[in-house]
Amino acid sequence: MRRLLLLRHAKAEPGGPDRQDHDRALVERGLADAAAMARALKARGYGASRILCSTSLRTVQTAEAVLKVAPAPIAYLESLYLAPPGRILALAQDAADADTALMIVGHNPGLEQCAAILAREPVKPKEQHRYDVMKEKFPTAALAVLDFDIPHWKLLSPGEGRLVDFLRPKDL
């Protein structure tokens, strides 16, 4: 079995003509939400054996909050910056099989679209509810947890992931 955790960065400063998008930092609420999500990850046992993170300041700060409570090897990838869903999927498919739980810290809309593409049609009412909430909105600091019954990451394919959980800061 493989577990994929898709974590959107927390609330960041607004963009503008005087600020490079890549350098936007988390605001106070974002820092608090990232820390709360990190604690929830640990409490629910959603540790990652490896983290892949966009190089933007807001994703790095979000990942740092997770690393404080759940240390894991991390790779900062420029290719994850504003990545489309196909790139996110390809990076997951290229993960080492030794890493059974992979976390990707990134951006919308790519992260949200990737979660929707990978999630299977819900089977049970609780899974349907999680799926509906995720499809409605994938807010900042939200986390989708998907399980795949596959022996190797290279076999990761759309519509095969069981949406085990979908957490938002307001749910904590």
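At a glance:
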item	result
Residue identified as closer than 19 Å to Leu26 by Cα and buried (at least 23 other Cβ atoms within 10 Å of the Cβ) among Val60, Val66	Val66
Filter result for Ala48 (more than 27 Å from Ala92 (Cβ to Cβ), under 19 Å from the mean Cα position of the chain (by Cα) and outside any strand (DSSP E or B))	no
Verdict on Pro85 being open to solvent by 30 Å² or more (accessible area, probe 1.4 Å) and either among the hydrophobic types (A, V, I, L, M, F, W, C) or under 22 Å from Arg2 (Cα atoms) (or both)	no
Members of region 1-45 that are part of a loop (DSSP other than H, G, I, E, B) and either within 30 Å of Pro158 (Cβ to Cβ) or under 14 Å from the mean Cα position of the chain (by Cα) (or both)	Met1, His9, Ala10, Lys11, Arg44, Gly45
Some residue of region 80-102 being without any contact (Cβ under 8 Å) to a residue 60 or more places away in the chain, hydroxyl-bearing (Ser, Thr, Tyr) and farther than 24 Å from Met134 by Cα	no
Residue in region 69-80 that is farthest from Gly106 (Cα to Cα), counting only those that are open to solvent by 50 Å² or more (accessible area, probe 1.4 Å) and in a loop (DSSP other than H, G, I, E, B)	Pro71
Cβ pairs under 8 Å, 6+ apart, first in region 120-144 and in contact (Cβ under 8 Å) with a residue 12 or more places away in the chain, second of a type in the set (Asp, Glu)	Arg120/Glu160; Arg130/Asp165; Met134/Glu112; Phe138/Glu112; Thr140/Asp33; Ala141/Asp33; Leu143/Asp165; Ala144/Asp165
Among (1) modelled with pLDDT of 95 or more; (2) under 18 Å from Val145 (Cβ atoms), the one test that Gly47 misses	(1)
Residue in region 66-73 that is under 23 Å from Leu167 (Cβ atoms) and small (Gly, Ala, Ser) present	yes
Region 116-127, residues that are assigned to a helix (DSSP H, G or I) and buried (at least 21 other Cβ atoms within 10 Å of the Cβ)	Leu118
Matching residues, region 133-154, being touching a Gly at 6+ places or on another chain (Cβ under 8 Å), of a type in the set (A, V, I, L, M) and in a strand (DSSP E or B)	Leu146
Given (1) at pLDDT below 95; (2) of a type outside the set (Gly, Ala, Ser); (3) open to solvent by 70 Å² or more (accessible area, probe 1.4 Å); (4) part of a helix (DSSP H, G or I), index of the condition Arg130 fails	(3)
Filtered residues of region 90-115 (kept if touching a strand residue (DSSP E or B) at 6+ places or on another chain (Cβ under 9 Å) and assigned to a helix (DSSP H, G or I))	Leu91, Ala92, Leu111, Glu112, Cys114, Ala115
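The values are calculated or read from the model by the stated rules, or taken from the named source; none is laboratory data. What you see is a predicted model; the values in this text were computed from it and never measured. In this analysis, Cβ positions are derived from the backbone assuming ideal geometry, glycine residues included, and neighbour counts consider all displayed protein chains. Surface accessibility is based on the protein's heavy atoms, side chains included, excluding ligands, DNA and RNA. Shrake-Rupley method; radii C 1.70, N 1.55, O 1.52, S 1.80 Å.
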